[in-house]
Each structure stands twice: as C-alpha cells, then as structure tokens.
Amino acid sequence: MPTSNTDIVSLQFLANNTKQAIFVYEVEHNQFTYLNPAFEAAFKIIKEEAIDADALLRMVHTEDQQYVIEMYQRLLNEKSSKEIEFRITLPEQEERWICLTSFLMNDTPEKEHIVGYLEDVTASKQYNDYLKKFGNKKDSVLHILTHDLSGPIGIVQSLSEILAEEAKQYNNQQIDRLIGVIERTNAYATSLIQSFINHEFLEATGVDLIKRRVNIVERFEEIIEQYRQSEAEIAKTFQFFTSSRNIFIELDDVKFIQAVNNLISNAIKFTPDGGIITVSLEERQQHVLVKVEDNGVGIPKKYHATLFDKFTNARRPGLKGESSIGLGMSIVKTIVEWHQGQIWFESEEGKGTTFYIEVPKE
C-alpha cells in the first residue's frame, strides 16, 4: 500500500516527539540519514556530529565493540531484525546500557537502510543484576546451610538411636516417647530444608526462559565466593578458574546458575572432608565450556546411563546422609538444553567426577 505525504509527515512528527531514540542508517555510505531529538539527547551529541557512524561506534564500550560489529554483519547477512544489549561510554565517562532493536530495509538491491530504535536500560539492568545477585546468594546459602546442618543433625540422629537402644532395658514408655519425638523432629528438620531447596529448584521449570547478554564470569564469582566463605564449615576447598576476566554470553543466568549450583551441591555431598571442588570457565570460538570437578567418591558405573533420567535409580544419599529426590540432574539437563547446550560427565569410583556443560555464546 503506497504511503502518502500525510503519512510520512505524521510518522516524522511522531519520531521527532517521542522519547524513544530512533535512527535511519544508510549502509552503502556508512552514515545516518535521520536521527530524532531523543537519539541526540541519549548520546549527548550535536546533530552535525551524529552523521559520523564511526564516531558513534567509538562510544561503544571497548569490550562490546567487536560484539556490535558482529551483530551488524549478522543483520546484513541474515536480513532479520535483531535485539542486542551493549554498553556505551558518554563524553563524561558515564557508562550506560543500551538495548538496540534494528531492522534491515531494502529500497533497491544496491541501497539498504537500517531502521531502529534504542532504549536506555541501565536502571532496569542494575536492578535486575541486584536481584539476581542476591537470588544467587540465597541459593548458595541454602545449599551451604544444608551441608552445615547435616553433620550436627546426623550426630543427633546417631545419639537418639543409641539412647533408644539403651532405654529398652528400662521399659519406660515416657522415655521412649521423648526419644521418638527427638528422632521425628530431627528427621523433619532435615527434610524441611531439603524440600525447600528442591521446591526452589523445581520452580525454575515453570518460568519462561529470559535470555540476556551477561558477563558470566561475574555471576560465577558471586556464587563461588559464598562457598569459599563457608569452607571451614563445609570442610572442602573451592577453586575457580577462568580463561578470561570477561566472558559475555546470552543466557538466562538465573536458571543457569541454579543448574551450576546443583552440580556444586552434589559435589559437596559426595566429596569427603578435605576434598577439592573446582569450577572453571573456558571461552571458545562459538561456545563456553563450564566444568565442575571434584575428587570425591565418584559415580558407580551402573548409574552412568540413567543419571539424567527423571526419578533415576542413581539417586543416593550424600556422605553425611543428605537426601535426594532424584529430580536434580534431570532438571539440570533440561535447563542446559533450553540454552541449546549439552551436558555430560566423566567419573571413576574413588577418584571423583567432572561435569561438563557446553553452551553457545549466542
């Protein structure tokens, strides 16, 4: 349907008065043919300066420039719209997060334009990062709490069993009843904490996947630090290695960290006191490889084929009696597959286990 002059004037009026930063970019000549006032305000530049596309690219954070260039080439090659997030550095050295949505328009085979709009998402990004940071901290603390309590609770259970055996000679119903209360209360405390963790983990499957571009190194450092602070209580040493200080990847970091937390929790359960648990990140050309390694008791060969099954027969209590509902590894695998990734493991009894997660960077 042809566009009338009235339509064009109306659209231009809307673009000039909206708070959304809108632009039109001519591919052949590498220049912007239109920038609305909101765009100029967002980048704090004068209209005459905005024509230089290279100058705007230089405003992109140095760690994000290559990513923006790659996404630009992908837009030209795939001819499809793309939403990306990246950082810019304004003249006052102020860092802002920008969400860019762009579309490729073909006026003729020789003449292409990119039309798009920008949104400053710094505030929402910081708020979400704050929530995720403490959400990850909460999950780690819950796992740590389970292992911290497993020792004393196990001692109470053992003592109550000894008392029950010794009390038989007295044939005193009141003493038997009180010992029974101790045993039931102890068992309830253990199951209450474990059930809460299981509930938190299972709820991840009921929420839509929301993928964002994040520095996964920062996310891993947050959870590893929580475990390191409890090394004395857990009686394990935690190590973290990364191939780079910054590894940006598009994923739902809340769900992904839950999956990694589950692997770390399992490593704790099946690693004797004094053991070492190592988490590492390795950036490859198209993928990121995550490894969670322990030097614990290992997984018996008979359980290898069914480990990722729902309600698998591979479920085992931990070395300190920690319970398992047999759903954890199944959900870990599901979360990894949601990210178009794959998970596998290597294990030998008496020598430990290493889990591998490989996910694409985009």
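Quick note: the coordinates plus some simple rules give every number you see, no bench work behind them. Keep in mind the model is a prediction, meaning the values are calculated, not measured. Note that each Cβ is placed from the backbone with ideal geometry, even for glycine, and that neighbours are counted across all protein chains shown.
Remarks
- Label-reachable residues, segment 23-42, where backbone N falls under 18 Å from a point 7 Å from Lys79's Cα toward its Cβ: 27-28
- Projected label distance in nm at Asp54 and Arg184, using a 7 Å step from Cα toward the beta-carbon: 8.0 nm
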